[in-house]
1. Lys and Arg at +1, Asp and Glu at -1: add these up for the other residues within a Cβ distance under 12 Å of Leu186 and post the number.
2. Suppose each label sits 7 Å from its Cα in the direction of the beta carbon; what would the Ser171-Ser232 distance come out to in nanometres?
3. Quote the FRET efficiency, to the nearest 0.05, computed for Asp104 versus Ser278 with a Förster distance R0 of 41 Å and r equal to the Cβ-Cβ distance.
4. Relative contact order for segment 122-209 using alpha-carbon pairs under 8 Å, separation at least 6, rounded to a whole percent?
5. Could you work out the relative contact order of segment 195-290, using alpha carbon pairs under 8 angstrom and six or more residues apart, expressed as a whole percent?
6. Tell me the label-point distance for the pair Arg78, Arg214, using the 7 Å Cα-to-Cβ offset, in nm and rounded to one decimal.
7. For Arg261, what is the net charge nearby, where nearby means another residue's Cβ is under 12 Å from its Cβ and Lys, Arg count +1, Asp, Glu -1?
8. Can you tell me the mean projection area, over all orientations, of the convex hull of segment 46-152's alpha carbons? Units nm², please.
Amino acid sequence: MCLNVSSSISMLAIYMIISSLLIAPERLEHSYQICNDALNWIQSYLSNRTQCVAVGSCTSTDKHLNFGAPQGSVLGPRKYCLYSKPIGEICRRPNPLYHCYADDTQVCMVIRPSDSWDNLATKMEACLANISLWMSSNMLKLNQDKTELIVFSSKHQVKKTQYFHLTVGDSVINAVHSVRNLGVYLDSSLTMDKQVNAVSRACYYQIRNIGCIRQFITTDACKTLVNSLVTSRLDYGNALLYRIPKLSTARLQGVQNSAARLITRTRKREHITPVLKSLHWLYRWCTDLCTSSSCIYTKRLIAQLLYIWRNL
């Protein structure tokens, strides 16, 4: 079981919270041992800021900002992670498995055949209540609209778990069939069908767009566009597709074949293997998924999911 908790309404909300570090320097000193000049540097970076609005040639007077940090800054998300560190400590109390990425938090629990859903739901609801309480006292808000519950199980157990739900305040969070995590779709049976569909649909859309201008660009320019818009989507998170059904692999291979034909302007009736070799592309790319350099995060996610699966 995995719960995806979103802690902010928008990116603006994130930056409005960061300046609260100014009133909590003891958190930086106690949790991260940031003190003296480093702590003073962080405080000076967030204090004494102004903002104005420009419309055409007209500019408003400067307004002093009591909250916020420069939007789009590199330090913004990092300081948010420093500020929200207690969320991880709250999750660790009843649940040994959790993962935080910026303002998204995933809390996982293992459901064994002998476990009662009511008892597990009570623990999870208590964890969410503690998170919501901490957020309320620290100028944050638990976004219940973006909080999702998914139960990973085998196909023959899906019907048993589809009615699982959690109650958080006045809201009821029902179990969903699939969730999106960092751009990757995970379904309750881990078949990865939705992810394959999403990748195929997005890649074919880009291939059609490039095909409209193919006669006006060179081969090298077409190869650059394909690598940027198509191949990058095939490579992203591909470690999660390891050992998926051959039918799904064939669909992704079809996307790669279409991209290769687009670059080389090869007809559909011609054999694709020589074309892939000329481009130095791996044929049946899914056979070597876990060696991709883009799979650092997905390997960690696989390890967590396998741990949960083995303990079912």
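The values are calculated or read from the model by the stated rules, or taken from the named source; none is laboratory data. Remember, it's a predicted structure, so these values are computed and weren't measured experimentally. No Cβ is skipped: glycine too gets one built from the backbone with ideal geometry, and neighbour counts run over all protein chains shown. Please note that ligands, DNA and RNA were not included when accessible areas were found on the heavy atoms of the full protein model with its side chains. Shrake-Rupley method; radii C 1.70, N 1.55, O 1.52, S 1.80 Å.
1. Computed value for this residue: -1.
2. 3.2
3. On the way: r = 42 Å, r/R0 = 1.02.
E(calc), rounded to 0.05, equals 0.45.
4. On the way: 83 pairs, mean separation 19.7, N = 88.
Here the relative contact order equals 22 percent.
5. Details: 67 pairs, mean separation 32.6, N = 96.
Reported relative contact order: 34 percent.
6. With each label point 7 Å from Cα toward Cβ, the separation is 4.5 nm.
7. Values: positive: Arg214, Arg265, Arg267, Lys268, Arg269; negative: Glu270.
Summing Lys/Arg as +1 and Asp/Glu as -1 gives +4.
8. For segment 46-152, averaging the hull's shadow over all directions gives 9.7 nm².
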